[in-house]
Every structure is written in C-alpha cells, then in structure tokens.
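The values are calculated or read from the model by the stated rules, or taken from the named source; none is laboratory data. Computed from a predicted model, the values in this text were never measured in an experiment. Heads up, the Cβs are rebuilt from the backbone with ideal geometry, glycines too, and the neighbour counts pull from every protein chain shown. These accessible areas exclude ligands, DNA and RNA; they are computed on the full protein's heavy atoms, side chains included. Shrake-Rupley method; radii C 1.70, N 1.55, O 1.52, S 1.80 Å.
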Amino acid sequence: MGWINNAKAETATNAAREAYAKGQRVLTFKIIEANVTSRSTGIMTGVGEQIEAIEAQGWDLANMAASEGKALSGERTALVCLFRRRG
C-alpha cells in the first residue's frame with residue numbers, strides 16, 4: 001500500500017477510534033486521493049484503505065461527496081465522507 005497510504009489509514013483509524021470512544025454518532029472525514037491526476041478513470045489510491053480503516057472501528061459509510069481542486073503537487077480529488085456509528 002505504501003508508507004503514505006499506511007499513514008493515512010492509521011490517521012483514519014485513530015480518528016474513528018477516538019470519535020467512537022467519545023460516543024459520537026456521526027463522523028465526517030475528508031479523504032484526499034493520492035493519484036497524481038484526476039483526469040483518468042481508475043482506482044483512487046488510498047481511498048478504499050481509509051474507508052475500510054474507519055469501518056473497522058464500528059462505523060458505516062452513509063454518504064460521500066467529491067470535489068476536485070489543485071494541491072501543491074497537482075490536481076486532487078477530495079472526498080468528504082459521512083459515517084454513522086453502528087448500533
């Protein structure tokens with residue numbers, strides 16, 4: 001998966017674990033795609049891993065919105081994901 005994507009998944013895990021421990025019922029998390037360009041169809045590197053990391057902590061992805069824009073190293077897609085706590 002690569003060290004950057006591993007670090008992003010770990011950040012997602014920690015945020016989800018902390019929100020769950022606080023008793024939050026909703027978690028909103030921004031995921032930035034790791035691909036260099038958003039102009040091609042294909043796998044959004046690192047996104048699935050972060051969603052899986054959050055869901056492993058007791059959350060379900062309920063809704064997602066996407067936006068594209070410039071970052072320091074080129075165009076990126078940002079996904080704003082709304083998770084709801086299970087149970």
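Pull out all pairs, ordered by first then second residue, where Cβ-Cβ is under 6 Å, the residues are six or more apart or on different chains, the first lies in the stretch 18-33 and is open to solvent by 90 Å² or more (accessible area, probe 1.4 Å), and the second is not aliphatic (A, V, I, L, M).
R25/R85
May I ask you to list pairs of residues, at least six apart or on different chains, whose Cβ atoms are under 7 Å apart, with the first in the stretch 71-87 being within 19 Å of E52 (Cβ to Cβ) and the second being surrounded by 13 or more Cβ atoms within 10 Å (Cβ to Cβ) and at pLDDT below 85?
Note: pairs meeting the criteria are T77/E33; T77/S38; T77/M44.
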